[in-house]
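The values are calculated or read from the model by the stated rules, or taken from the named source; none is laboratory data. Since the model is a prediction, treat every value here as computed from it, not as a measurement. Neighbour counts run over all protein chains shown; Cβ positions are idealised from the backbone, glycine included. Accessible surface areas use protein heavy atoms only, side chains included; no ligands, DNA or RNA. Shrake-Rupley method; radii C 1.70, N 1.55, O 1.52, S 1.80 Å.
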Amino acid sequence: MPGKIVIRDGLKAPGWQVPPGNVLQRYLEACEEQGVTAVRSVAALLRRRARAMQPLPYHRVIGQARTQLLATLRAHLDPLATGEVSAADAEVALTMLNPRMPWRDALSSGAPDTAREYTAHEAEQARRKARDPVGHAKAPHATLPPMPGHAFDAAAAAACASASEEEVRQAVLEVLAVPGAGLLTRPSDAPALLAALFRHLDVADEGGIPANLTLSAALALAPPGARDSLPELMRALAGAEGSNASRSEALSCVEAQLLRPSHELVDESSFVGCLHQIVGALGVESEQLALAVARHMSAMPRAGHVYDFSRFYLGSRGVLPLLQAISCDDSFEELRLCGCGVSDDTCGVLREMLQSHPSLTSMDVRGNPISDAGGLELAALLDANPRITEVRLAGTHLLRRYSRTHQGDLGPSPCEDARLVADMLMRNQVAYEKDSTLLADALRAEHKELRPAFAALMDARTGRAPLSLLRSEVAAFA
């Protein structure tokens with residue numbers, strides 16, 4: 001009899017193990033170890049999360065040779081397919097490919113005609129400055145003209161001629177890690193800008209992005225008065241200047257795309273069409289749109305990631321490899337397991353996996369067969385991890401008098417009406433409010449002394465520091 005298929009075809013897509021130890025790899029390996037069939041939709045969600053968390057876009061260079069790496073680099077620097085690369089972006093990329101070789105030397109070696117054009121351009125600018133220094137100073141800063149694509153390709157090949165394959169791959173990764181290059185070369189082409197944004201957001205190469213990412217993109221591209229929430233965006237669209245037809249089409253796009261369930265995928269044509277209608281109805285100028293797209297690409301992922309598995313029925317065994325996988329992710333703040341088949345035994349695993357989690361604040365276990373034994377485990381989790389201030393229990397046996405199970409002793413249940421869980425939640429909420437007050441008071445009183453502490457904790461690349469470390473640091477002053 002053939003063995004049970006645990007990992008179906010396609011789940012181990014290229015790059016599934018990069019970076020090592022990511023949440024997708026942990027999930028698939030845990031499924032194999034425990035003999036549990038991996039769920040495709042869960043794997044897709046974890047793949048998106050793994051790629052959003054990685055420091056460099058490793059998945060974009062998996063299995064690529066030198067020629068393919070340079071083609072990927074060129075496509076990144078020319079996202080609108082103009083056939084040109086800005087001189088500033090070319091300088092950065094060529095310097096990254098070979099820090100020991102000046103980028104102009106690489107250009108002269110690979111594309112001497114373009115190098116001579118740049119030299120002549122700079123000589124002309126110097127002559128203008130000599131003839132009229134005041135007028136030259138008042139004039140806008142003259143930049144080098146864009147570099148033709150074929151010239152960049154030749155210069156890049158010359159720059160990395162003496163580099164190893166791994167050095168080229170690392171240099172390309174460093175350039176790919178900085179999004180938004182080349183977006184201002186043709187800002188009037190709104191569909192091309194939005195298509196470039198879609199490709200940036202589709203980190204899992206699925207041909208679609210979750211509807212909640214489409215909503216966040218629409219809000220980011222809207223004018224300041226309409227970007228805080230969906231109701232504000234809809235009010236701005238309803239009151240926008242222009243024809244009734246454009247307003248109604250934009251509102252229809254909002255209803256069709258932005259109000260979909262957050263887990264549903266939006267394809268590229270729907271994404272581009274919807275956002276094009278919205279920014280057009282709101283009167284967003286092309287230059288403003290290009291800047292907004294670049295800013296949204298460069299923005300760090302918002303804190304407070306939510307793992308939402310509520311639409312998947314996993315069963316008590318199927319939840320176990322999932323919990324084992326996400327336990328290595330210390331940056332999510334909410335876990336939704338509504339209707340997933342979480343049992344009392346699973347609650348024990350929840351307690352073991354999450355009792356020391358540094359950022360989890362909310363859990364949703366509604367609609368699961370959790371009774372008194374599970375309630376005690378949840379209460380123990382809340383006692384061990386006071387950061388958790390919300391647990392949703394509707395639809396569990398804890399709140400159903402007619403189906404309560406006991407621990408084998410007569411008398412009232414130790415988790416009567418989930419009272420023990422509610423008491424622990426109340427304690428954590430009071431402690432959190434007190435902690436927040438102390439934190440604010442300490443920041444006001446000790447802000448000068450805390451500056452060097454923040455600098456020591458700060459990530460030099462992102463300019464940010466983990467909130468959990470900041471809390472512990474401020475607690476010492478408080």
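What the table shows:
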{"read-out": "Condition check for Pro79: modelled with pLDDT under 90, surrounded by fewer than 21 Cβ atoms within 10 Å (Cβ to Cβ), in a loop (DSSP other than H, G, I, E, B) and not acidic (Asp, Glu)", "value": "no"}
{"read-out": "Residue tally, condition closer than 18 Å to His59 by Cα and surrounded by fewer than 19 Cβ atoms within 10 Å (Cβ to Cβ), over the range 140-168", "value": "3"}
{"read-out": "Failed condition for Ala236, given (1) modelled with pLDDT under 85; (2) under 26 Å from Pro14 (Cα atoms); (3) outside any loop (DSSP other than H, G, I, E, B)", "value": "(2)"}
{"read-out": "Residue selected from the range 183-207 under the condition in contact with a strand residue (DSSP E or B) (Cβ under 7 Å, 6 or more places away or on another chain) and either over 27 Å from Glu268 (Cβ atoms) or modelled with pLDDT under 85 (or both), by the criterion surrounded by the most Cβ atoms within 10 Å (Cβ to Cβ)", "value": "Thr185"}
{"read-out": "The range 84-104 - residue that is over 16 Å from Leu70 (Cα atoms) and either among the hydrophobic types (A, V, I, L, M, F, W, C) or at pLDDT 95 or above (or both) and, of those, surrounded by the fewest Cβ atoms within 10 Å (Cβ to Cβ)", "value": "Ala88"}
{"read-out": "Of all residues making up the range 377-397, the number that are buried (at least 18 other Cβ atoms within 10 Å of the Cβ), of a type in the set (A, V, I, L, M) and under 22 Å from Gly318 (Cα atoms)", "value": "4"}
{"read-out": "Single residue of the range 249-282 satisfying the filter (in a loop (DSSP other than H, G, I, E, B) and closer than 13 Å to Leu233 by Cα) that is nearest to the chain's Cα centre (by Cα)", "value": "Leu259"}
{"read-out": "Cβ-Cβ under 9 Å pairs, at least 6 apart or on other chains, the range 75-99 side free of Cβ contacts under 8 Å to residues at least 40 places away in the same chain and under 22 Å from Leu197 (Cβ atoms), far side open to solvent by 60 Å² or more (accessible area, probe 1.4 Å) and in a loop (DSSP other than H, G, I, E, B)", "value": "Ala75/Ala81"}
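For (1) among the aliphatic types (A, V, I, L, M); (2) in contact with a Ser or Thr (Cβ under 6 Å, 6 or more places away or on another chain); (3) over 29 Å from Ser331 (Cβ atoms), each residue gets a yes or a no:
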residue: Ile7; (1), (2), (3): yes, no, no
residue: Ala44; (1), (2), (3): yes, no, no
residue: Arg49; (1), (2), (3): no, no, no
residue: Thr67; (1), (2), (3): no, no, yes
